[in-house]
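Participant: Below: one structure in structure tokens.
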Amino acid sequence: MVRFTAALGVALVILGVGAYVLTSAVSVTALIPAFVGVPLLACAAVARSARWRRPALAVALAVALLGALGSAMNAIKIGEAIAGTAQRPSAVWVSTVMFVLLVGYLAVGVRAVLNARAGSAR
């Protein structure tokens, strides 16, 4: 889970910086995925210590949840982006990619927590 968290953090930073560069650095909001990715990278770094693994990954899941909820606002406009009627189609696409990545991470993370609890109950 630590490697997955780090990989997701790197992917979000690349997504954010890429969106910022590809939109000609018009708005800092294009960096929002990077603003979520950096705390995930920090959590992954802290989670490398066995003592801090659980709390760091819990914080990472909380960051992912907040990021997913925030990106959902634009991600629900994906139909408009596909139809070509979205006001900011690049923002919609970036938010949708971010949403999908974070929801996938949350699913894997929740499953890992449930498996860990089931394993410790035995």
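Participant: Which residue pairs have Cβ atoms under 8 Å apart, sit 6 or more places apart or on different chains, and have a first residue in region 42-53 that is over 13 Å from Met1 (Cβ atoms) and a second that is hydroxyl-bearing (Ser, Thr, Tyr)?
Facilitator: none
Participant: When you go through Ala64, Ala56 one by one, which is the residue that is within 18 Å of Val13 (Cα to Cα), out of contact with any strand residue (DSSP E or B) (no Cβ under 8 Å at 6 or more places or on another chain), touching a residue at least 12 places away in the same chain (Cβ under 8 Å) and not hydroxyl-bearing (Ser, Thr, Tyr)?
Facilitator: One residue alone meets the criteria, Ala64.
Participant: Give the number of residues within region 22-61 that are exposed (fewer than 13 other Cβ atoms within 10 Å of the Cβ) and among the hydrophobic types (A, V, I, L, M, F, W, C).
Facilitator: Number satisfying all stated conditions: 5.
Participant: Restricting region 75-99 to residues that are touching a residue at least 12 places away in the same chain (Cβ under 8 Å) and among the β-branched types (Val, Ile, Thr), which is nearest to Phe4 (Cα to Cα)?
Facilitator: Ranking the qualifying residues of region 75-99, first place goes to Val97.
Here, each number is a calculation from the coordinates, and none is a lab measurement. Since we're looking at a predicted model, the values are computed, not measured. Reconstructed Cβ throughout: ideal geometry from the backbone, glycine too, with neighbour counts over all protein chains shown.
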